[in-house]
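S.K.: Before I ask anything, let me first share the structure, which is written out below as structure tokens.
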Amino acid sequence: MEISLKYKDEKDKSYGLAGLAVSLFIYDSDEYLSSLSLDDEVPVNFVPGFYFVSNPDFSAKEVWSHLVKQYELFIAMTVGNYLCRQLVYKGKNVDPFAKTELRKSVYEEGKNVCSLEDDEIESYFTREYSNMQKVFSHPGVQQVVRNFAEKLEESRTLSHDDIVSILKALQMM
């Protein structure tokens with residue numbers, strides 16, 4: 001059995017995108033998010049600064065540190081998307097098999113992009129999974145997520161300012 005990160009319907013998609021946005025917001029990385037749209041073929045739009053551009057002025061350590069930070073955000077967004085859909089929208093716990101499949105889905109990125117060893121990938125995944133599970137299990141966060149998903153379904157598209165306006169309620173928690 002394989003888990004699917006594909007959205008089953010529009011409501012599932014709106015909760016997945018909410019999970020992704022919350023993940024970026026709690027890591028103070030929401031500035032990378034330009035907009036979210038239920039109607040676009042690519043529903044997540046990032047600002048150009050999100051994507052890594054090689055620069056000969058950067059040291060090898062700076063490049064690697066940037067790649068690892070982006071990898072951590074990638075894990076948080078992937079796990080946040082899935083856990084938000086499971087824990088908030090469906091109200092279900094994630095079974096151990098699904099967690100294993102989710103780990104596999106982020107494994108290659110760590111190997112190929114960051115040249116991480118298995119134990120390093122496991123450490124990053126375990127930390128991000130634990131953080132996201134705590135976040136999306138919190139009743140206050142769940143209410144903010146429901147509001148976010150509802151607004152996204154109503155508006156169809158949320159700009160960066162719209163996203164921040166909705167998610168600022170998380171700062172009170």
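The values are calculated or read from the model by the stated rules, or taken from the named source; none is laboratory data. This structure is a prediction, so every number in the text was calculated from the model and none was measured. Cβ coordinates were reconstructed from backbone atoms using ideal geometry, including for glycine residues, and neighbour counts include every protein chain displayed.
This table checks each residue for (1) surrounded by 13 or more Cβ atoms within 10 Å (Cβ to Cβ); (2) in a loop (DSSP other than H, G, I, E, B).
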position: Leu87; (1), (2): yes, no
position: Val94; (1), (2): yes, yes
position: Phe97; (1), (2): no, no
position: Glu109; (1), (2): yes, no
position: Phe125; (1), (2): yes, no
position: Ser130; (1), (2): no, no
position: Val135; (1), (2): yes, no
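S.K.: Please work out if Ser130 is in contact with a helix residue (DSSP H, G or I) (Cβ under 9 Å, 6 or more places away or on another chain) and among the hydroxyl-bearing types (Ser, Thr, Tyr).
M.R.: Values: in contact with a helix residue (DSSP H, G or I) (Cβ under 9 Å, 6 or more places away or on another chain): no; among the hydroxyl-bearing types (Ser, Thr, Tyr): yes.
So Ser130 does not fit the description; no.
S.K.: When you go through Asp28, Asp39 one by one, which is the residue that is closer than 27 Å to Ser130 by Cβ, of a type outside the set (Val, Ile, Thr) and loosely packed, with under 12 Cβ neighbours inside 10 Å?
M.R.: Only one candidate passes the filter, namely Asp28.
S.K.: Another one. Is it the case that Val22 is part of a helix (DSSP H, G or I) and at pLDDT 95 or above?
M.R.: yes
S.K.: Same structure, new question: Looking at the range 102-134, which of its residues are of a type in the set (A, V, I, L, M) and out of contact with any Ser or Thr (no Cβ under 8 Å at 6 or more places or on another chain)? Spell out the reasoning first.
M.R.: Step one: of the range 102-134, the residues of a type in the set (A, V, I, L, M) are 102, 106, 113, 116, 121, 132.
Val113, Leu116, Ile121 - these are the residues of the range 102-134 that are of a type in the set (A, V, I, L, M) and out of contact with any Ser or Thr (no Cβ under 8 Å at 6 or more places or on another chain).
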